[in-house]
Amino acid sequence: MTDDAPAGYPEDSPPMTMTQARMLDLRTYICALFAIFGVTVTILGFMATPAELAKAAGMNINLYAGLSMIALSVVMGVWAIAVPPEVPEPSADPEQLPMVH
Amino acid sequence: MTDAIVRIVGSADVRLDMSPVDYTLLFVYFIFVLGIGIVVRRSVKSSLDFFLSGRSIPAWIAGLAFISANLGAVEILGFAANGAQYGFASVHYYWIGAIPAMVFLGVVMMPFYYGSKIRSVPEYLRRRYNRPTHLVNASSFAVSSVLIAGVNLYSLAIVLVALLGWSLPVAIVVAALLVLVYVVAGGLTGAIYNEVMQFFVIIAGLIPLAIVAVAAAGGPAEVIDRLQNYPDYWLHPWSGTEVGGNNPIGDWIGIILGQAFILSFGYWTTNFAEVQRALSARNLSSARRAPIIGAYPKIFIPFLVILPGIVAALIIPGLGDESNPQMTYTNAIPLLMDTLLPSGVLGVAVTGLVAAFMAGMAANVSSFNAVFTYDIWQTYIRKDRADAYYLKFGRWITVIGVFIGIGTAFIAAQYNNINEYLQTLFSFFQAPVFVTFILGMFWKRMTPWAGFWGMISGIGAAAAVWGAALTNDDLFRSSFQQAMWMGIAAALVDLVVSLIVTAFTEPKPIAELEGLVKGMEIRDAEADSKPVRWYKQPAFLGAGAIALALAMYIPFAFL
């Protein structure tokens, strides 16, 4: 990645790497949060007691909701991998332009 | 609103039956919220990064944040209450109110906002008109944002009190500190990222709730069948909207002209807490698409808030019983959650509510700090400092804003009606703005002082209608209808005064209007060289959203 840095870009602030870009990619967080939520709720769905089923009008809502959240997590994860975040070009902002040129 | 929330969750009897798993989901969410704030901190290097995310946000994130910033307590609990009281009658606020307004912002207004590189909505008024116009708008926005942030904080704290059994002061301070950390660290990006997370969590909580609620009432056919026993407007939103009719939302003139065209357009196109999200987008094309992308999910929100409210009226005996403070209409959704959701989905739904309240407050705070720093401090008090100064100042004013919010929350805890008074007061300021903006964008001749006097007299007209309604109870059939006619009066007076004052005052030199008015848009050379594909064109996407929103009315004709 550093090869892409324009000449004169200050060495003490290296350009963003792909790892850093992924850290700033919101899809990563949505994927992770809904993996945790989805798996937890799905497990509760598999352990549903008759009382819980009766409470939710006979539906195993934890199972359906949990699997849906896992699906959302997978969609976000696949999307984030298939279309990786753009690594911003350093110093798009005129105020931060490198000194040379 | 606020005082209703106090009653639900503040009373020990209605404490939701949360299991350790539900608490765990809530705390996992808190960790994500703080983590995101801290991680995005490294992307904040300039004031533009802090206040406008460095104009770098993809269209879909800006679009979801756009509707999420508004998807707070008032929307979720308030529209569920409307559903429980009036059935589907309040869908107009979405399908002919919000949706066309969001499309209008993207298609018509965003080129002026984004193209002229203004950093806030009040800044547009400063450049188009003059400093007095700007000061009225900027200061009323700053004051209202920080006070409403306090009221949102109070609602959030009340939920935490009920769930965790904390004392109110502890809950207020802890909730405020959570928001403070991620907004001070991450700036607008921190707020926007969390708003989008919140959007998905609240949806993940509300969809199961709506499905289970309808099933518990016996299924869709049974629900429709039972609604035949209610007034006609429950299932037919246009029923009773003739002048003198019985539809509680109002008459058709008020709904179309007042609510949709004046108030909704005014709110969605000039409220900086909304527009800021679109301005954060990475280019003009994304900024124009953002509100339109948000419009699509927004079309379906009524089925997640109004519909559960309606079902609550069917299956919760005694809902709306005024002698029982737990059974207020605003409690429809928490009562349904308590009655229907098993541990697991319950935790998701509660997390969604807490997240929505938190994001609501963060939206107020992140728009307040931008307007205060750019429009008040930099414009009138400390000009020409280095950018780093304003970034640092923005962080400090965020801290101060949150502390004022904490103070407001404690005041709200003492005086329950404060929210209502604040909303009324700020509605005066909001009522005429759309006319002032739209005249400014499309009429070059409109003079700076016409902008100022038009806006001031519009505010006065709204206040006058409000005063008239105070002395005559029979003037309006509901507070909804009153608000619509306040908007109509404000807009008409603003229009007439603007025309008159323009006739007698000097227009702005044409050179100063570059980028601000129709026919003088600043073209984005880079965007022009890369034509946007047809299905990404704002006009195409926008027409689709409006058509879909209007089509939503059709099935009701057959019920």
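Every number in this text was worked out from the coordinates using simple rules, so none of it is lab data. Everything numeric in this text was worked out from a predicted model, so none of it was measured. We place every Cβ from the backbone using ideal geometry, glycine too, and count neighbours over all the protein chains shown.
Couple of notes before you dig in:
- Amide H partners (placed H, <5 Å) of B:A281, local residues excluded: B:I57
- Between segment B:336-356 and segment B:227-248, the alpha-carbon center distance in angstrom: 32 Å
- For peptides B:265-271, B:551-557, A:54-60, sequence by mean Cβ density within 10 Å, most packed first: B:265-271, A:54-60, B:551-557
- Considering only B:P248, B:S116, B:A204, and ranking their Cα positions along the charge dipole of chain B that arises from unit charges at the beta-carbon of Lys, Arg, Asp and Glu, the one farthest toward the positive end is B:S116.
- For A:L24, A:L33, the sequence from fewest to most other C-beta atoms within 10 Å is A:L24, A:L33.
- The peptide list A:73-83, B:198-208, B:371-381, put in order of mean Cβ contacts within 10 Å with the highest first, becomes B:198-208, B:371-381, A:73-83.
- Residue-by-residue Karplus 3J(HN,Hα) for segment A:39-53, coefficients 6.51, -1.76, 1.60, Hz, glycine and proline x: 5, 4, 5, 5, 4, 4, x, 5, 9, 4, 8, x, 5, 5, 4
- Mean sequence separation of contacting Cα pairs (under 8 Å, at least six apart), scaled by the length of chain B, corresponds to a relative contact order of 31 percent.
- Estimated FRET transfer efficiency when R0 is 22 angstrom, pair B:K392-A:E86 (beta carbons, to 0.05): 0.15
- Neighbour cut-off at most 16 other Cβ (10 Å), DSSP loop, chymotrypsin sites (Phe, Trp or Tyr not before Pro), segment B:387-455: B:Y415, B:W443
- On full extension, the segment bounded by B:W443 and B:L475 gains 8.0 nm, given 0.36 nm per residue less the C-alpha separation.
- Average beta carbon contacts from partner chains per residue of B:253-263, 10 Å cutoff: 0
- 17 Å reach of a label modelled at A:I43, 7 Å along Cα-to-Cβ, counting backbone N of segment B:326-360: B:343-348
- Within chain B, longest stretch clear of exposed trypsin sites (Lys or Arg not before Pro) (DSSP loop, no more than 16 other Cβ within 10 Å): B:118-381
- Whole-Hz ³J(HN,Hα) from phi, Karplus 6.51 cos²θ - 1.76 cosθ + 1.60, for segment A:54-66, glycine and proline x: 5, 4, 8, 6, x, 8, 8, 5, 4, 5, 5, 5, x
- Local net charge near B:S53, Cβ-Cβ under 10 Å (Lys/Arg +1, Asp/Glu -1): +2
- Residues with amide H under 5 Å from that of B:K518, placed H, sequence gap 5 or more: B:F442, B:W443
- Net charge, B:L304 excluded, C-beta distance under 13 Å - Lys, Arg +1, Asp, Glu -1: 0
- Neighbourhood net charge (15 Å Cβ-Cβ; Lys/Arg +1, Asp/Glu -1) for B:A483: -1
- Long hydrophobic helices in chain B, taken as whole DSSP H segments with a C-alpha length of 15 Å or more on their own axis and mean Kyte-Doolittle hydropathy at least 0.5: B:20-40, B:73-86, B:131-164, B:168-216, B:302-315, B:345-370, B:387-414, B:448-471, B:479-504, B:538-551.
- The mean count of C-beta atoms from other chains within 10 Å of the C-beta of residues in B:203-213, rounded to a whole number, is 4.
- Partner shielding of A:52-64 amounts to 6, given as the average count of beta-carbon atoms from other chains within 10 Å of each residue beta-carbon.
- Distance violations [Cα-Cα > 27 Å] among B:K298/B:K536; B:K45/B:K117; B:K392/B:K508; B:K117/B:K392; B:K117/B:K444; B:K117/B:K383: B:K392/B:K508
- Simple Cβ-charge dipole of the protein assembly as shown, Lys/Arg +1 and Asp/Glu -1, about Cα centre, in debye nearest 20: 1180 debye
- Exposure rule at most 14 other beta-carbon atoms within 10 Å, DSSP loop GluC sites (Glu not before Pro): chain B longest free segment: B:1-241
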